[in-house]
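In what follows, a structure is listed as structure tokens, so that the remarks can point back to it.
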There are 2 protein chains.
Amino acid sequence: DISGTQSFNKMRKESRLSHWICWIVAVTALFFLGFIIGKAPHGELFLNYDDKNGKLVDRGKSQNRKLNCCPNRKFTRLPHLAGTEQNLKYAEQIKKEWLEFGLDSVSLVPYDVLLSYPNKSQPNYISICDDLGNEVFNTSLAEPIPQGYEDVSNIVPPYSAFSAKGQPQGDLVYVNYGRTEDFFQLEREMGINVTGKIVIVRYGKIFRGNKVKNAMLAGAKGIIMFSDPADYWAADVEPYPDGWNLPGGGAQRGNVLNLNGAGDPLTPGYPAKEYTYRFSLDEGVGLPKIPVHPIGFHDAIHLLKNMGGRIPPNNWKGALNVSYRIGPGFTDDFKSQKVRMNIHTNNQVTRIYNVIGKIRGALEPDRYVILGGHRDAWVFGGIDPMSGAAVLHETARSAGSLLKKGWRPRRTIIFASWDAEEFGLLGSTEWAEDNARLLQERAVAYINADSAIEGMYTLRVDCTPSLHTLAYDITKQVSLLAHTTHLKLIIHINLKLSSLISKLGSGSDFEAYFIRLGIAAGRARYTKNRVRNRYSSYPVYHSVYETFEIVERFYDPSFRRLRAVAQVRGGLIFMLADSKLLPLDVNEYADSLGKYAQSIAEVAQKHPEQMELYKVSFDSLFSAVQNFSAAARDFYARLQTLHTEDPLQLRVVNDQLMYLERAFIDPLGLPGRPFYRHVIFAPSSHNKYAGESFPGIYDALFDIENSADPEKAWQEVKRQISIAAFMVHAAAMTLTPPA
Amino acid sequence: DISGTQSFNKMRKESRLSHWICWIVAVTALFFLGFIIGKAPHGELFLNYDDKNGKLVDRGKSQNRKLNCCPNRKFTRLPHLAGTEQNLKYAEQIKKEWLEFGLDSVSLVPYDVLLSYPNKSQPNYISICDDLGNEVFNTSLAEPIPQGYEDVSNIVPPYSAFSAKGQPQGDLVYVNYGRTEDFFQLEREMGINVTGKIVIVRYGKIFRGNKVKNAMLAGAKGIIMFSDPADYWAADVEPYPDGWNLPGGGAQRGNVLNLNGAGDPLTPGYPAKEYTYRFSLDEGVGLPKIPVHPIGFHDAIHLLKNMGGRIPPNNWKGALNVSYRIGPGFTDDFKSQKVRMNIHTNNQVTRIYNVIGKIRGALEPDRYVILGGHRDAWVFGGIDPMSGAAVLHETARSAGSLLKKGWRPRRTIIFASWDAEEFGLLGSTEWAEDNARLLQERAVAYINADSAIEGMYTLRVDCTPSLHTLAYDITKQVSLLAHTTHLKLIIHINLKLSSLISKLGSGSDFEAYFIRLGIAAGRARYTKNRVRNRYSSYPVYHSVYETFEIVERFYDPSFRRLRAVAQVRGGLIFMLADSKLLPLDVNEYADSLGKYAQSIAEVAQKHPEQMELYKVSFDSLFSAVQNFSAAARDFYARLQTLHTEDPLQLRVVNDQLMYLERAFIDPLGLPGRPFYRHVIFAPSSHNKYAGESFPGIYDALFDIENSADPEKAWQEVKRQISIAAFMVHAAAMTLTPPA
């Protein structure tokens, strides 16, 4: 067991990411070559080992191979925030190296998007002011710099990107995590109105942009977010640099937009090119109208410790030595003190750069398999994103070295190093908008390459159901390879795949590809034990402490976790690009739809009287799912008699496989979210990070609780069931014989 | 010269549509077989004659061939309004015959859509009432029945489908054609406000639904539309049955919806299936909120003759012996009289049936070429739609007989007999919604088969630019064939194709396929000389006088015009379905885009100061068009070296050709018109019949005139130019090498 709290004991100083990076090249290349298509009897196994070798040999042990190919350490040396010169330099370097690796073409693709930076001459901070307006306490202006980086300039202090400017002053109200249910509890059970107040919430559970939206809707005039040790400390772990917990002076940067997939706030729906019309800042999508600021827990203690008002329920209490009183405002002793936010962050249209590399497909150049991950980082990006960017880089290197050996994939592979992910998935979304027509006709799959590690416990895959089988098979092989290296994998052969592999939510660059365009998508990373470790994301997330060293010393001293992630991501790409028959499993989609339909119907069944009263039935959806399942089975049966030597017959079937995911796209979008168009999967309206199935129905049911007009709310549930049923029927049609 | 006024002299009693129908089978079949693909040196000629024969022999002269295959006369014997039993019977009969012809599959596809019928027990009419409320004049309840049809039941009287119910009473205001500019002139130059008035407008110039919308926006509480002889009489022509002019007792039926492509008003965006959620009538799309009624000119004289108020400008005067005063209300002598509309028309959800027949493609079953036209008629449908439905039916027969001889097209051909076109293109739009995913991935082209004749002067083609060359080549061959039969064709070799062939507007079933889904589309029919004949559509349009006899006796006694139309429509279908390389011309699209960009920029140049003030430039659009033209030229150059024997290479290129039209689709739709998604072509917002190029820019420029906030209006112009430029760039990308 090498779960989180113990793994750092196994740290090995001699092993470096750069070394791992060196031999992953050879390993992944051999690993990928080892795959061939096998016709499996039960459709669940598309992969076999190399026939000649009988089984795959793990070359991973040959760690003493020396290759002069280790550039990745340097991508975490300097801060490379989106829109900065340094991030452009890294882009140029990646371009240069990808060309050297042997990719057919590599280019920088610029967009001019709205970014947001603190004002260098007017720092952001929060004060406690006395009745004369004197600042009796100010929050810190920066995080303590980690050792070895003292001379680095251009470290952006913690801030909430796209915060409104302003200096609101008032009483604090503490609203737990700032979730929809927290605000309901505050308003309905505690009877506290936050209109004109400044809310303070702890980070965690949901996407910070949702917290800000909830605060705005509740009428707050500012919102402060802090990292509570309850959510950002693992037990028995020291704060960095002695361990991987968040120091008290650390804080979480992050954007606080509510884009719902729009990309650049000023050019929703269209790429942010030079000639593109831009909305004014007033008209921009998802920009908060109130000031927002993040703080660490050392500062939070000062704001919280004198708060008055009622004692909160236990599940509102964090781990600080304060009482977590709700407010509004301070106790009697301090009631003349007010809190003032001082926020001077500027929005500005700034040029960003994606790096796009291509390997032309030998037989089907117009079929695209995409591996994309971001390059921009809040500071050094030791974990987010460079642990993933390294995997992307080395997969490109692997592919290049295979090309030099004479290999060329059947389909085109596109490698993408996205910019400005941290500012709302901007680089990936603008490129998706720019290339939407090509992608919707030609893209087979999108695999995401954000952070490769966010924990030490196990490999975890989130993907669309049609990728379940491929992901499972690849992961199983990685697991076999990894057996001797003590990697823990979540593979349990006897469980249903859909219970091992999670749904995609949002919060990374696959969003536009999957949720807007309907391209089969997946992600893989090493993660914590979600049952045992309740902290959110990972403790140093988006802080200055995300260094190369935290990975090397704590998260993956052997670099075997990163290698496993690279093998899974790379394996997906190579199999999707080179298999004659696309390794997409329609029966898995059918199984998952059945599960999702059952699950959403159960949510509705909590209101049996109203279901009866408004004649709400899920029969049409269940019937559609049955129809889909039958179509999937028939399709699979026909696959068995396919003449794969007939290029047109094969193409027809592969097109059916490719376009299955596309069939779930509704150009009208989900209600109020025109860029979330996938009727089966979308982020929750209440937490962007969470993927919901049948999101239209889910949201409509959620609104039942709050609607002043239940008749209307239930009509919307019925409408959403009808849309879902139709979309499932329509998708089933795409699997029937084309004429 | 057999132009309209003389052609009926050439009537030949012995020649019947049914006879023509018999030999068109053989002719078209041979004609189609005669086409083969030729590689032309300059890309403008995809067609050649059969190599073996050197040139095509016109078998059309062998009129004495006898075949027992003439069912079409009977499709005009009985009224077959959408939603009636008779129209279902015809559907069943068509299904039976298509199966007999040898199509691979034929099915009836039902939808439950909102239709609208007069109340049988409470007829609709308009009264003039005296001050005691007595009806001193009532309009007629029905048209005089033409000879030979006296015993026919179920002739629906003239009405405006989807009119609101109601009995508004008030003063009349005459507003010419009820166009946007007419209402502007009324309000701004004449200072007349129609709030609370009933407006009376003449039919013609624009789609009637636009007149109703304009009246509603102006505040009218009812609208009466009449057929003025100035618009519905040709010179020197007798009214039917002695000629083809509209009798004074005839009136034009028609729907008065403003659907903007939504299809069934209660299920916008989704097919109207049994389980589909339906909006309430209040929420339905495009339903007028005021009563509407159509009358003939005998009745119109009574309403107009005593009108008071100012004398209208000359271009507001029709051809009736009245002064066409504007009102409001009657002259002093009659000023106590009011007009009352009595409208009891009911909306009701009703089952309709499309007939869908398929011929499976031999090599690319997943590529669809569609020939579709409607079957439902207001009464007999002698012209609209059965002159077109006959062409559809005989093309299916031709294809069936070729199949029996062993032929099978490369691609799948779909024949569609649509229902409920007259109620807002409902059958075709619901099927497009139902099959949207299949169509957007697989449809190569849609050819429309509505009325084949609306005049006697010339063949006329409206189509997307990429079909210009094919349409031209086929038409030229038909012209050569037709030379000895004195057909006049609009082919003039030395003119630019785009000046011979018009843009598609709307008003028939191609709409959803072209404007919503972006499928290359075209239509062909025989039409009047539009320069010389100023009457709108054709005089008896949508009246009871659209009989089989009016075609046989006046419009096409030789049935040669119908045959030419069949040859063009059928030729398009067969070439698109069977050519190895798709006969779509990307250079023609480039030329047309250039022309459209020039033309829309000229409209804007009418405001040079404002262009300067608001920094409005068309440079980005011109640059995009240049880019597109270069991409098209390069694409064409690569075609010359294509290995057409390599099935995958051919498929890749054909996919680029097929998806070019799709590239112009913006899922966000045009502003306020979510189902009009084609950025290059859409119906005018002010007249559904007219196709505008760059409709987003066009509408934004139109609004300049009326906006209270010119800054905002010009910002919208700039936004639309930016969108258009992007879409043209994006389309150009689809023509570049795929990797």
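Readers should treat all values here as calculations from the given coordinates under stated rules, not as data from a laboratory. Because the structure is a prediction, the values reported are computed rather than measured. So basically every Cβ, Gly included, is an ideal-geometry build from the backbone, and we count neighbours across all protein chains shown.
Here are a few things to note about the model shown:
- Nearest-ten-degree value, helix B:647-662 long axis tilted from longest Cα axis of chain B: 20
- Net charge, B:PRO294 excluded, C-beta distance under 9 Å - Lys, Arg +1, Asp, Glu -1: +2
- Signed unit charges on C-beta, dipole axis of chain B, positive-most listed residue B:HIS542, B:ILE128, B:VAL461: B:VAL461
- Folded to 0 to 90 degrees: helix B:619-639 orientation relative to chain B principal axis, Cα: 30
- Global form of chain B, assessed from the alpha-carbon gyration tensor, a/c cut-off 1.5: oblate
- Label-point spacing at B:ASP646 relative to the other copies reads 2.2 nm, in ascending order, each point sitting 7 Å out from Cα along Cα→Cβ.
- Neighbourhood net charge (10 Å Cβ-Cβ; Lys/Arg +1, Asp/Glu -1) for A:ALA632: -3
- DSSP beta bridge pairing in chain B, given as percent antiparallel to the nearest 5: 55
- Cα centroid of region A:346-388 to Cα centroid of region B:666-684, whole Å: 32
- Distances in nm from B:TYR614 to the matching label points in the other copies, shortest first (labels 7 Å along Cα to Cβ): 4.3
- Region A:195-331: Lys pairs at Cα distance under 25 angstrom, eight or more positions apart or on different chains: 23
- Legend: mean number of C-beta atoms from other chains within 10 angstrom of residue C-beta atoms, peptide B:671-677, equals 1.
- Our note on the geometry: Cα centres of region A:69-127 and region A:138-209, 27 Å apart.
- Cα lying deepest toward the dipole's positive end in the protein assembly as shown, options B:ASN154, A:LEU593, A:ASN138, charges on Cβ: A:LEU593
- Between the residues A:LEU426, A:ILE413, A:ALA377, the greatest Cα displacement towards the positive end of the dipole of region A:369-428, with unit charges on the Cβ of Lys, Arg, Asp and Glu, is found for A:ILE413.
- Each peptide in B:77-86, A:193-202, B:606-615 was scored by the mean count of other Cβ atoms within 10 Å over its residues; highest first, the order is A:193-202, B:77-86, B:606-615.
- Rounded, prolate or oblate (a/c below 1.5 giving rounded, otherwise prolate when a/b exceeds b/c) for region B:146-276 by Cα gyration tensor: oblate
- When each of the peptides B:432-444, B:127-139 is scored by how many other beta carbons lie within 10 Å of its residues on average, the order from highest to lowest is B:432-444, B:127-139.
- Using only side-chain charges placed at the Cβ, +1 for Lys and Arg and -1 for Asp and Glu, the dipole size of the protein assembly as shown relative to its Cα centre rounds to 3000 debye.
- Between copies, the label points of A:GLU602, set 7 Å from Cα on the Cα→Cβ line, lie 6.7 nm apart, reported in increasing order to one decimal in nanometres.
- Charge tally in the Cβ shell below 9 Å around A:GLY196, where Lys, Arg are +1 and Asp, Glu are -1, A:GLY196 excluded: +1
- Entries in A:LYS528/A:LYS580; B:LYS74/B:LYS95; B:LYS95/B:LYS405; A:LYS96/A:LYS580 that, when Cα-Cα distance is taken, lie over 24 Å: A:LYS528/A:LYS580; A:LYS96/A:LYS580
- For chain B, the longest principal axis of the alpha carbon atoms and the long axis of helix B:468-482 meet at an angle near 90°.
- Relative to the Cα centre, the charge distribution of region B:196-317, modelled as +1 at Lys and Arg Cβ and -1 at Asp and Glu Cβ, gives a dipole magnitude of about 560 debye.
- Shape class of region B:494-651 from the Cα gyration tensor (axes a ≥ b ≥ c, square roots of the eigenvalues): oblate, since a/c reaches 1.5 or more and a/b does not exceed b/c.
- Per residue of A:658-669, other chain Cβ atoms within 10 Å of the residue Cβ number 4 on average.
- Highest-first arrangement of B:561-569, B:620-628, where packing means the average Cβ count within 10 Å: B:561-569, B:620-628
- For the residues of B:724-732, the average number of beta carbons from a partner chain within 10 Å of their own beta carbon is 3.
- Loop GluC sites (Glu not before Pro), region A:136-203 (other Cβ atoms within 10 Å of the site Cβ: 12 or fewer; DSSP): A:GLU150
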